[in-house]
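See structure below.
The values are calculated or read from the model by the stated rules, or taken from the named source; none is laboratory data. These numbers were taken from a predicted model, which means no experiment stands behind them. FYI the Cβ positions are ideal-geometry reconstructions off the backbone, even for glycines, and counts take in every protein chain you see. Only protein heavy atoms, including side chains, enter the accessible area calculation; ligands, DNA and RNA are left aside. Shrake-Rupley method; radii C 1.70, N 1.55, O 1.52, S 1.80 Å.
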Amino acid sequence: MRRKIFALFVLSVCLFATLTASAAATVTDVNWGVNQYNVLRFVVDLTESSRYNIDVDGNQLYIRVPGAGLGSKVARRSTIKSDLAKSMSVQRDNGRVTIRIPMEKRIRRSEVHSFMLRQDPRTGRPPRIVIDVESNKKSVASKSYGATSVNRRPTPAGTQKGNGSPAAVPAYTNYKVGGGLSGKTVTIDPGHGGSDPGAIGLKGNKEKTSALAISNYLCSYLEQAGAKVTMTRTTDVDVYGPYASGRDELQARCDVASRSKADVFVSIHHNANNNRSVGGLATYYYPKTNYDARLARCVQTRMVNATRMNNYGTPQADFYVIKRSSMPAVLCEVGFISNQREEELINTPWFQKTVAKAICDGIADYFSN
Ligand SMILES: [Zn+2]
């Protein structure tokens, strides 16, 4: 009996050692960005979730990941373009990775916020530590994030609820549903952008690029038909700011629609699947109003008729932008970028115009009763 217990003990020690060893994280990338509120954000990409420490010593900021390895592609020294700091260095010593940022002035620990994001299976983004350093200077909205100045301070990290926290921009629910497309307001949301490429095809084409091209054509067709259009982005940028949490980035897109009092919200994406032979079209909706499903059917029917691609129909999904936008909304998955034939197709101007015209016609059908 004693021997059995001892054997069990040895086994569990071995198992524990194995688990601990396999859980050691490696830092694979360190990025920085400045958002429209002049918050300096650092993002540390990891192979696994990990413990980390933030220390402030005078004007030095240290981000430490104990027990972590350091990937060979991580720049050991980088320049930062911010009022708050000009450079950072990354090194591995004493069995940990240390990122050191000399700040331009003394900072307090309370000015530094951090949180850990889990791996995102949809976008393939790795586990990452996000560290925000706030400037107590009056924030100046940066032009580089498009015309989408969001009227709220970023949610302090750590108090983020993810769900159920009220949006600071009042939800717009006075949307119109009939009487023709002319005079209606449509918010177009080109998926991803800036620091987030979305899905990437075998040939290296990025979802954010063709989604924007289709969105720009859709904007022209809608305007020709007399609609007013607002876009969540018109260039290759993040809407909220680089390397934002998914919630901040997606809520910023919903806020654009509410602020422009949109009658419908249309998000443009491409699908991806591990099975590279899968291809076709889908239009997702979330049944939050009596009109979301109808909008999805109108758009999907026109896209399928115009392109003759596989029809995956109009599934329900609780994707953030179609659930949290306050007006009828759809998310179009325009082909599979993981399918080589469709990757080529969705990057041709001919296809981009054809599908944009079809989506425009679908929106017109929706408003036609
Ligand atoms: Zn997408």
Restricted to the range 217-231, and to residues that are in a helix (DSSP H, G or I) and surrounded by fewer than 17 Cβ atoms within 10 Å (Cβ to Cβ), which residue is nearest to the ligand (Cβ to nearest atom)?
Ser220
Considering (1) in contact with a strand residue (DSSP E or B) (Cβ under 7 Å, 6 or more places away or on another chain); (2) at pLDDT below 90, say which one Thr79 fails and leave the rest.
(2)
How many of the residues in the range 73-100 are loosely packed, with under 11 Cβ neighbours inside 10 Å and within 18 Å of Ser50 (Cα to Cα)?
3
Report whether or not Ala252 is closer than 23 Å to Arg128 by Cα and within 14 Å of the ligand (Cβ to nearest atom).
no
Total residues in the range 42-65, condition closer than 20 Å to Arg106 by Cβ and part of a strand (DSSP E or B):
11
For the range 266-289, name all the residues that are more than 12 Å from the ligand (Cβ to nearest atom) and either surrounded by fewer than 16 Cβ atoms within 10 Å (Cβ to Cβ) or in a loop (DSSP other than H, G, I, E, B) (or both).
Asn273, Asn274, Asn275, Arg276, Ser277, Val278, Gly279, Gly280, Tyr286, Pro287, Lys288, Thr289
Out of the range 294-311, which residues are open to solvent by 50 Å² or more (accessible area, probe 1.4 Å) and assigned to a helix (DSSP H, G or I)?
Arg294, Arg297, Thr301, Arg302, Asn305
Tell me yes or no: at least one residue of the range 234-257 is touching a Pro at 6+ places or on another chain (Cβ under 6 Å) and open to solvent by 10 Å² or more (accessible area, probe 1.4 Å).
no
Take the residues in the range 314-348 that are closer than 10 Å to Thr283 by Cβ and open to solvent by 20 Å² or more (accessible area, probe 1.4 Å); name whichever of them is nearest to the ligand (Cβ to nearest atom).
Pro315
